[in-house]
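Student: My structure is below; once you've seen it, I'll send some questions.
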Amino acid sequence: MTLEADTQPAEADGTRRRARTVLIVLALFIVINAADKAVLGLTAGPIKDELGLTATEFGTIAGSFYLLFSLSAVSVGFLGDRIRPRPLLAVLALVWAAAQLPILLPAAGFGALVATRVLLGAGEGPGYPLANYTAFTWYPEKRRALPSAVVVAGGAGGTVLAAPLVVLVSETLGWRAAFGLLGVAGLLWTALWLRVGGGGPYTARLGPKDEVPRAAPAAVPFWRVLATGTWLGATLSTFAVMWTLALGFAWVPLYLEEQAGFSDAEVSAIVGLPALSMAVLVLGAGALAHHLLRRGVTARVAQGLIGALLPLLAGACLFLMTPAPGTALLLPLLVLAFSAGNGQTPLTNAAIADICPPGRRSAALGLSYALASLSSLFAPYVTGRIIDAAPTEGIGYGRAFDLAAWLLIAGAVLSMLLIRPDRDARILLGHTAPQPGLSAANSEPSAKE
């Protein structure tokens, strides 16, 4: 008895330390993921000049990243429920490295950029949902919003770190060297992950007691998860958010340089500002939702209604951005327009995870992300076509930003109406009442145990 009492707290402390370590490494994973996306936009000027690309051709390269992005996210999402995350994430990082390194060759031109961006997108498509799923295996139900926020914040960190570094490397060693640098980063992360990474105790295979679903989760058909308002609302809203993110990665650096008149050095500093704002909003939204859920506020309010306010704010700022007079007003509007929407993402991810049986969770997250990311396939190309077809580039940018704003607002309204994790969890998992010995507030073992 005494030995057990002494051992259990030590094991719990070790699990918490391991969870924090894995969460940090997963955030670094998303840092590289975001930097890989951002490098093309940050080196757009030199690439267009050297290869003589039109706006539509550059948009084609940017959009090709998402050609296999969704298919890969779905495929690996289903594998995530069957294969442990340690080898899966390592393989993805190796694919990223393999896609970036060939750009170092001087002969790599338009065709090579398209081919390697397609490969990179295939490797990065499953990265974000699988990183979230892996983080969720270390944390119990009702405590997942904040870990998801840390993972999402890694994307902001990737942009902040990549912007000045990529510009510096591009100006000193050439734009191709920036791609090579990120390839090496993928190799180094793989070595780190294989040493310290892995899945946690809250998985379908290991099944701790506070993850044991109340109503035979394996019997829940997958289509029933996809038919819930929570899954549909989260996916539709994320579709609009990812359209805006893809627009930002591909076109905002060029917009700042060609339309707003900023220098390369100024652009490298400015593009990091939305990422910093995103980190603050993502972590703040995750912490607020975590606090509200712990105090008994419904998940519909904490994850659905509060989360939807952020893409609404982003849409309003996009509408106001292009007519804004002077840089004093332009910059804060741009920062919020390309950061606020993503603050909703950890809340929608946690909402999907909370309504899913453990054996369906990775696939549900992966499919939601895959369908939402289809917007990223079209956003860069559509923007290029809008700019080429407009009387002036300035008018073209304005029309492209307005389109993104309408999508954000529509997605926010739909998420307000549809995301109801409490109701959908009762339907799917039989949450009609707390299990004996479980706290209704957080579904954790009560003090009576």
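Student: Using the Kirkwood radius over Cα pairs, work out the Stokes-Einstein diffusion coefficient for the range 18-138 at 37 °C and 0.692 mPa s, in µm²/s as a whole number.
Tutor: The calculation lands on 216 µm²/s.
Student: OK, next. Can you give the direction-averaged projected area of the convex hull of the alpha-carbon atoms in the range 338-393, in nm²?
Tutor: With every direction weighted equally, the projected area is 4.9 nm².
Student: If you roll a 1.4 Å probe over the heavy atoms of the protein chains, what accessible area per residue do you get for the chain, in Å²? Present the calculation step by step, with values, prior to reporting the outcome.
Tutor: Numbers: 17370 Å² over 449 residues.
Here the per-residue accessible area is 39 Å².
Student: With viscosity set to 1.567 mPa s at 4 °C, what whole-number translational diffusion coefficient in µm²/s follows for the range 351-434 from Stokes-Einstein and a Kirkwood radius over Cα pairs?
Tutor: 83
Student: A follow-up question, please. Please give the Cα centre distance for the range 278-327 versus the range 377-400, rounded to the nearest Å.
Tutor: Each part's Cα centre sits 27 Å from the other's.
Student: Convex hull over the alpha-carbon atoms of the range 244-338: what's its volume per residue in Å³?
Tutor: Once divided by residue count, the hull of the range 244-338 is 90 Å³.
Student: Counting only protein heavy atoms and using a 1.4 Å probe, what share of the accessible area of the chain belongs to carbon plus sulfur, as a whole percent? Display every interim value, and only then the final one.
Tutor: Details: 11860 of 17370 Å².
Answer for the chain: carbon and sulfur cover 68 percent of the accessible area.
Student: Here's a follow-up. Could you give me the radius of gyration and the Dmax of the chain, taking only the C-alpha atoms into account and expressing both in angstrom?
Tutor: Rg, Dmax (Cα atoms, Å): 21.8, 80.
Student: Treat the range 26-74 as a sphere of radius equal to its Kirkwood radius over Cα pairs and apply Stokes-Einstein at 25 °C in a medium of 0.890 mPa s; give the translational diffusion coefficient in µm²/s, rounded to a whole number.
Tutor: Translational diffusion coefficient: 201 µm²/s.
The values are calculated or read from the model by the stated rules, or taken from the named source; none is laboratory data. None of these values were measured; they are calculated from a predicted model. All accessible areas refer to the heavy atoms of the entire protein, side chains included, with ligands and DNA or RNA removed. Shrake-Rupley method; radii C 1.70, N 1.55, O 1.52, S 1.80 Å.
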